[in-house]
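Trainee: I have a structure I would like to understand better, so I am pasting it below and will then ask my questions one at a time.
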Amino acid sequence: MKVATWDINGVVRRLSVLRDLVGEADPDVLCLQELKCSNASFPAEELEHAGYGAVWECEGRWNGVAILAKGSVPLPTCRTLPGRTEDVQARYIEAAVFGSVVASIYVPNGNPQPGLKFDYKLSWMQRLHRHVEKLNAQEVPIILAGDFNVAPTAQDIYDETTSYRDSALIHPACRRAFLELLDVGLEDTIRTLFPDDKVYTFWDYRQRRWERNAGLRLDYILTGHTMRAMLEEGGIDRPMRARKSASDHVPVWVSFDR
């Protein structure tokens, strides 16, 4: 089973690139973030023609998450992150897909910090931590995929001493929250496969960061330890960043022998 995740940064605008991705990479499961469209304008029919069923949760111009499955329609189990009923930001969707519980996740950016956006990011990650504990207690295979908006170590960022020095993306509290999430019982699949490599998934549009390879690793596929033995291979689709109308993120994928 091949699982991929991509912060698409506008699904309607990049629909042609999305078609290329599913045609070339052929994932069984694809999690999308930052859809930036309404529920009504999500391109479900176009994706169905490409062979994928989908569940999605949108928020108009901002946020938005989806789960796609090849030849199947995911069965939604949760459309918002539990723990705060008044939170209407479309950042979490969860579904049963091919015998696993899969979540597409778009963690808040948190900038500027300090401030309300930073506080929201930390509280959101705490809610995610509590929810993952409950998922683990169910003893079912879990896959959490998405843009976590954290570069947890110096290995995950080109340089943290200049323009990102004061960013929530590398703030110690956010890094700690991410690592504590792994401690609950999750595997960072790409880091498992590439323990010593500097690999990036995001290059800001500004300051020629793509051309300079000034990137960060913000996008992850996390799994429960029960799936660790089934992990086969994975990678980061860097060439997608150089395409016309590219997102500032690139797809990440892993495959499991199951």
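The values are calculated or read from the model by the stated rules, or taken from the named source; none is laboratory data. Quick caveat, the model's predicted, so the values are computed rather than measured. Using ideal geometry, Cβ is built from the backbone for each residue, glycine included, and neighbour counts are taken over all protein chains shown.
Trainee: Before we move on, is P76 surrounded by fewer than 18 Cβ atoms within 10 Å (Cβ to Cβ) and assigned to a strand (DSSP E or B)?
Mentor: Yes.
Trainee: Continuing with this model, one more query. (1) crowded, with 23+ Cβ neighbours inside 10 Å; (2) within 21 Å of D20 (Cα to Cα): which one isn't true of G71, the others all being true?
Mentor: (1)
Trainee: Of the residues E232, E139, E180, E160, which single one is in a helix (DSSP H, G or I) and either among the charged types (D, E, K, R) or in contact with a His (Cβ under 7 Å, 6 or more places away or on another chain) (or both)?
Mentor: Going through E232, E139, E180, E160 in turn, the sole match is E180.
Trainee: I would also like to ask the following. Going by the conditions given, is D183 in contact with a helix residue (DSSP H, G or I) (Cβ under 7 Å, 6 or more places away or on another chain), surrounded by fewer than 22 Cβ atoms within 10 Å (Cβ to Cβ) and either free of Cβ contacts under 8 Å to residues at least 40 places away in the same chain or of a type in the set (S, T, N, Q) (or both)?
Mentor: Working: in contact with a helix residue (DSSP H, G or I) (Cβ under 7 Å, 6 or more places away or on another chain): no; surrounded by fewer than 22 Cβ atoms within 10 Å (Cβ to Cβ): yes; either free of Cβ contacts under 8 Å to residues at least 40 places away in the same chain or of a type in the set (S, T, N, Q) (or both): yes.
The answer is no for D183.
Trainee: Is it the case that the range 36-43 has a residue that's surrounded by fewer than 17 Cβ atoms within 10 Å (Cβ to Cβ), within 20 Å of L75 (Cα to Cα) and modelled with pLDDT of 95 or more?
Mentor: The initial filter retains those residues of the range 36-43 that are surrounded by fewer than 17 Cβ atoms within 10 Å (Cβ to Cβ), namely 38-41.
From what is left, the residues that are within 20 Å of L75 (Cα to Cα) are 39-40.
Narrowing the set further to residues that are modelled with pLDDT of 95 or more leaves 39-40.
Within the range 36-43, one or more residues are surrounded by fewer than 17 Cβ atoms within 10 Å (Cβ to Cβ), within 20 Å of L75 (Cα to Cα) and modelled with pLDDT of 95 or more.
Trainee: Right, another one. With the condition kept exactly as written, say whether any residue in the range 86-93 is among the small types (G, A, S), buried (at least 18 other Cβ atoms within 10 Å of the Cβ), under 16 Å from the mean Cα position of the chain (by Cα) and within 29 Å of R258 (Cα to Cα).
Mentor: Looking through the range 86-93, none of the residues is among the small types (G, A, S), buried (at least 18 other Cβ atoms within 10 Å of the Cβ), under 16 Å from the mean Cα position of the chain (by Cα) and within 29 Å of R258 (Cα to Cα).
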